[in-house]
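Data first, discussion second: the structure below is written as structure tokens.
The values are calculated or read from the model by the stated rules, or taken from the named source; none is laboratory data. Please read all numbers here as calculations on a predicted model, not as lab measurements. Cβ placement follows ideal geometry from the backbone for every residue including glycine, while neighbour counts extend to all protein chains displayed.
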Amino acid sequence: MTSRRLVLMTGAAGMIGKQLQGYLRDRYRLRLMYHRTVLPAVGDDEVIIGDVCDLSTVEKAVEGVDAIVHLAGDPKVDATFESVIANNIRGVYNVYEAARRHGNPRVVFASTNHVAGWYEVEKTYVTPEMPVRPDGYYGASKAFGEALGRWYHDAFGLPVICLRIGSYLDRPGNVRNLSTWLSPRDMAQLAWRSIETDVTWGIFYAISGNTRRYWDIADTERVLGYEPEDNAEEYASEILAKA
């Protein structure tokens, strides 16, 4: 049991975190960081309660881990500037800085498609290397997280994988989701591939293998070895009939 990698997951009670830990538990030992909502520990889970905005707390959480899946933050697309400054910008800085101080464990950063959301407004197909065009404070805060991760990688050798997450849902619910859906099991695959890859830096779109996608996942497949299991097209006739 102790030979398995120890993975810290921040934001473990969030929509992604509470499902993702179930997928990853058989593969890794988990150290789960909660803030207000605390879920029951399972098996050999380690639990830490604290605020990602507090650097000393994050340092304690990071000590001794092999990788970090950083999910904590304000996930609302219309989040206020004040909220993203505290929860997203301060939070991601604390994770990178704590990792730098404690052996450079790999960081998998939960970024968002909203980093380049303005391209979607203009109906433009997007690849990861295109200049960022956020569609709000939330997207801009995640763009900061990507840029800061690049600096920590270049300056300190910190391995950082940024996943631009699409519409994380159990199943697609509307016409947009036919392009943007990310299923829980595809998210789990992206997480473990990001943890186990030899690649030390990259920005990758994180969606299922949707036929109608307008975010490019070619690098996600080629570089990370991602093999999506789900495709929103399976739900297209049902969704379009309702629309």
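Key figures for this structure:
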{"quantity": "Among (1) in contact (Cβ under 8 Å) with a residue 24 or more places away in the chain; (2) surrounded by fewer than 24 Cβ atoms within 10 Å (Cβ to Cβ); (3) farther than 19 Å from Ala143 by Cα - the single one Thr200 does not satisfy", "calculated": "(3)"}
{"quantity": "Test: residue in region 87-95 that is buried (at least 24 other Cβ atoms within 10 Å of the Cβ), more than 26 Å from Leu182 (Cα to Cα) and touching a helix residue (DSSP H, G or I) at 6+ places or on another chain (Cβ under 7 Å)", "calculated": "yes"}
{"quantity": "Those helices (runs of 4 or more DSSP H) lying entirely in region 131-199 with at least 2 residues more than 16 Å from Ile217 (Cα to Cα) and under 14 Å from the mean Cα position of the chain (by Cα)", "calculated": "137-156, 184-196"}
{"quantity": "Selection within region 63-83 - among the basic types (Lys, Arg) and without any contact (Cβ under 8 Å) to a residue 12 or more places away in the chain", "calculated": "none"}
{"quantity": "Residue among Tyr28, Tyr23 that is buried (at least 16 other Cβ atoms within 10 Å of the Cβ) and modelled with pLDDT of 95 or more", "calculated": "Tyr28"}
{"quantity": "Long-range neighbours under 6 Å by Cβ, at least six apart or interchain, first residue within 20 Å of Ala86 (Cβ to Cβ) and at pLDDT 95 or above within region 33-62, second part of a strand (DSSP E or B) and not β-branched (Val, Ile, Thr)", "calculated": "Ile48/Met33; Ile49/Tyr34; Ala61/Leu8; Ala61/Met33"}
{"quantity": "Residue tally, condition surrounded by 14 or more Cβ atoms within 10 Å (Cβ to Cβ) and farther than 26 Å from Val115 by Cα, over region 63-86", "calculated": "3"}
